[in-house]
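Here the structure is laid out as C-alpha cells; the discussion comes afterwards.
The values are calculated or read from the model by the stated rules, or taken from the named source; none is laboratory data. From a predicted model like this one, the values you see are computed outputs, not experimental measurements. Note: ideal-geometry Cβ built from the backbone for every residue, glycine included; neighbour counts use all protein chains shown. Side chains are part of the model used for accessible areas, which takes the heavy atoms of the whole protein and leaves out ligands, DNA and RNA. Shrake-Rupley method; radii C 1.70, N 1.55, O 1.52, S 1.80 Å.
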Amino acid sequence: MTTTADPATTAWHGALFDGAFRPATRTLPVISPATGAAIDTVGEAGTDDLERAVRSAVAAQREWAALTYDKRVAVLLRAAQLLADNPDRLASWLVAEAGSGQGKAAFEVGLVTSELQESAALASHPYGEMLRSGKPRLSVARRVPVGVVGVISPFNFPAILSMRSVAPALALGNAVILKPDPRTSIAGGLALAELFREAGLPAGVLHVLPGGGELGAALVEHPQVPCLSFTGSTAAGRRIAASAGPLLKKLHLELGGNNALLVLPDADIEAAASAGAWGSFLHQGQICMTTGRHLVHTSIAEEYTAALVATANRIPVGDPADSGNALGPIIDAGQRDRVHALVTAAAEAGATIAAGGEYTDLYYRPTVLTGLTADNPAWTEEIFGPVAPVLTYDTIEEAIEIINASEYGLSVGILTADAYRAYELADRIESGAVHINDQTVDDEAPIPFGGVKASGVGGRFGGPTANLDTFTETQWVTMQSDIARYPF
C-alpha cells in the first residue's frame, strides 16, 4: 500500500466541495493517530458555507431528479469502477487518517464499491404501485425524492458509513450535504467527493463540509434539509432527535451497540474464541457492531477464556502503515483514556484483566476481562475499544435475560453445534441482527441494516425496500379523463 499523497498536490487541500474543490476561509489539520503528525489540511465549513451549500443543493437536486434513471446509474457505476481500478486512492487514507489496519481498510473499500454498485441498481428499481379505486380513474402511489439529505458520519468506518447514505440518496434523485467527522474528513468525505467528481456527478448535487458540532447542529436544524441520516453515539443521536423532532424531519439514526456473543455449551471452543476475538478486536473495537459482551456457558468458560486470551496476546499492534500490524491506534487520546478508565474501574471492582489492559501512546493492547458482574460498566456500556468482557451463565433463560437487559439492540451472535436451535432462540432476542455461528460484526450492501431500542430509530440502511423508505416520500397520484363534477 502506498503512502498518502503529498498534501500540496491533493485537490481537497484547504478546500470544501460543492461539485468542485473551492478554498475555504478556515482550515482543519488532518492528524494521523498513528504518528500524531499533521498529514494534510482541509477546509473548515461554517454556517455561511452551509447556507451556500443548501441553496446550491436545492437548485441542483431538481435537475438531478429530472434526469432519466440511467444517467444516475452511469455516475454511480463509473464511481464504483474508478474505485475498483484504484482501491488505494481511498484505502491509503483509511490507514493514515482513521488508523485502520490494512486488512480493515481493504475490506472497507470493498464495502464502498459494493454500496455504489447496489445503489446503481436501486435507481432502476420499481418505485411505485398501482392502486385500486372506487372511482373511474388511475390511482398510483409512487416514491419521490425527499429533496436534500443531510448526512453526518463518524470516524470509525468513515468511508462506508458515509457512502451507505450518500450513494442510495443520490441514486433516488436527492442532493446530499455530507458532514464527515472532522477527524476523518478525507476518508469520510473529500476523497469520496473526488471520486464522484471524476465519475461525472453534476455540480451542486453533493456538498462535503467538514466541521464540528456547531456545523452539525446547523445542518440538523436547517429548514430546507428535510431528511437527516446520522451514524454515531446514542447520546449524540438523542440530542439530534430532540432538535429535529419539533421540525418534523425525516430522521434516521444508526446509533451505538453493546453486542452480545452467546456461546452455547456445544460450541467448538477454538472456533468460537477466534470468532469472539475478531468481533471484539477488529479495528481496535471501534465499531458499533463490536462484540462488547461474551456470554459463555459455565461448563466451557475457562477453556474459552484461555483461547481468547491466547489470541489477544499474539495479535500485533502498531503503526498500520506496516502490514504486519493487525491493529492500529485508538482514534485519539480522549477515547483511549475512556477505554482505559473503564478497564481499570472494572479491575478495581473485582474483575480480572486476563490479557492487555495496557497501552503505548494510542496503541491499546487487546484486552480480556473476566470475573465481571452484570452491573459493571465494562459490561453494560459501549466501550468502543479492543476489550472483550466475559461473563458466564448457567441456563439459556438466564442468558436471554442478560442479553435483552441491555439498552442496546444492534447485533447478536450465537455460536453452537445446533444451528436450528439458535434460530429458534433468535425469536426471543431483541436485536436488529442475529448472526448464527458468526460474531457480531457484519454488513453487506443489499441487507437492511439497523438496530432497535437505543441502537437506532427511523429507516434502515441497505436493500431496495429500506433505502426507498429512508430516502423517498410516498406520493399518491390520481388521474381521470374528465373533470369530476360535484353537486355544488
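Data table
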{"quantity": "Three-way shape label, segment 186-269, alpha-carbon gyration tensor, a/c 1.5", "calculated": "oblate"}
{"quantity": "With 10 Å bins from 0: P(r) over segment 349-405, alpha-carbon pairs, percent", "calculated": "21, 49, 24, 6, 0"}
{"quantity": "Computed [θ] at 222 nm, helices only, for the chain once each DSSP H run of length n ≥ 4 contributes -39500 (n - 2.57)", "calculated": "-12000 deg cm²/dmol"}
{"quantity": "Area accessible to solvent at Asp469, 1.4 Å probe radius, in Å²", "calculated": "70 Å²"}
{"quantity": "Solvent-accessible surface ranking, highest first, for Arg22, Arg143, Arg485 at 1.4 angstrom", "calculated": "Arg485, Arg143, Arg22"}
{"quantity": "With every protein chain in place, the chain: carbon and sulfur % of accessible area (1.4 Å)", "calculated": "54 percent"}
{"quantity": "Reference-scaled alpha-carbon Rg (2.2 N^0.38 Å with N residues) for segment 301-406", "calculated": "1.13"}
{"quantity": "Probe 1.4 Å, all protein chains present, accessible-area order of Ser406, Ser243, largest first", "calculated": "Ser243, Ser406"}
{"quantity": "Degrees between helix 88-98 axis and first principal axis of the chain (Cα, 0 to 90, nearest 10)", "calculated": "60 degrees"}
{"quantity": "Solvent accessible area, Å² - Met130, 1.4 Å probe, full protein context", "calculated": "150 Å²"}
{"quantity": "Neighbour-limited loop hits for trypsin sites (Lys or Arg not before Pro), segment 1-85 (at most 16 other Cβ within 10 Å; DSSP other than H, G, I, E, B)", "calculated": "Arg26"}
{"quantity": "Rounded, prolate or oblate (a/c below 1.5 giving rounded, otherwise prolate when a/b exceeds b/c) for segment 244-326 by Cα gyration tensor", "calculated": "oblate"}
{"quantity": "Accessible surface of Val144 - all protein chains present, 1.4 Å probe, nearest 10 Å²", "calculated": "30 Å²"}
{"quantity": "Per-selection Kirkwood Rh - the chain (Cα, Å, 1 d.p.)", "calculated": "23.4 Å"}
{"quantity": "Relative contact order %, segment 430-488, counting alpha carbon pairs below 8 Å whose residues are six or more apart", "calculated": "22 percent"}
{"quantity": "For segment 388-461, with +1 on Lys and Arg beta carbons and -1 on Asp and Glu, the positive-most of Ala419, Ile429, Thr395 along the dipole", "calculated": "Ile429"}
{"quantity": "Rounded Å value of the spacing that divides the Cα centres of segment 205-284 and segment 338-378", "calculated": "24 Å"}
{"quantity": "Rel. contact order, % - alpha carbon contacts under 8 angstrom, at least six apart, the chain", "calculated": "17 percent"}
{"quantity": "22 Å Cα-Cα reach of Lys249 towards lysines, excluding residues that sit fewer than 8 places from it in its own chain", "calculated": "Lys179, Lys453"}
{"quantity": "Under 14 Å from the Cα of Lys71 - aspartates and glutamates, other chains or at least 8 residues apart", "calculated": "Glu63"}
{"quantity": "Calculated log₁₀ intensity ratio I(q)/I(0) where the Debye formula runs over C-alpha points of segment 33-77, q = 0.20 Å⁻¹", "calculated": "-0.78"}
{"quantity": "Whole-angstrom Cα spans of segment 331-378 along principal axes, big to small", "calculated": "29, 18, 13"}
{"quantity": "Prolate/oblate/rounded call for segment 258-305, Cα gyration tensor, a/c under 1.5 rounded", "calculated": "prolate"}
{"quantity": "Label point at Asp482 placed 7 Å out along Cα→Cβ; residues across segment 125-142 whose backbone nitrogen lies under 19 Å", "calculated": "134-139"}
{"quantity": "Square roots of five times the Cα gyration tensor eigenvalues for segment 1-117, Å", "calculated": "27, 23, 11"}
{"quantity": "Those GluC sites (Glu not before Pro) in segment 385-478 that DSSP places in a loop and that have at most 15 other beta carbons within 10 Å", "calculated": "Glu407, Glu444"}
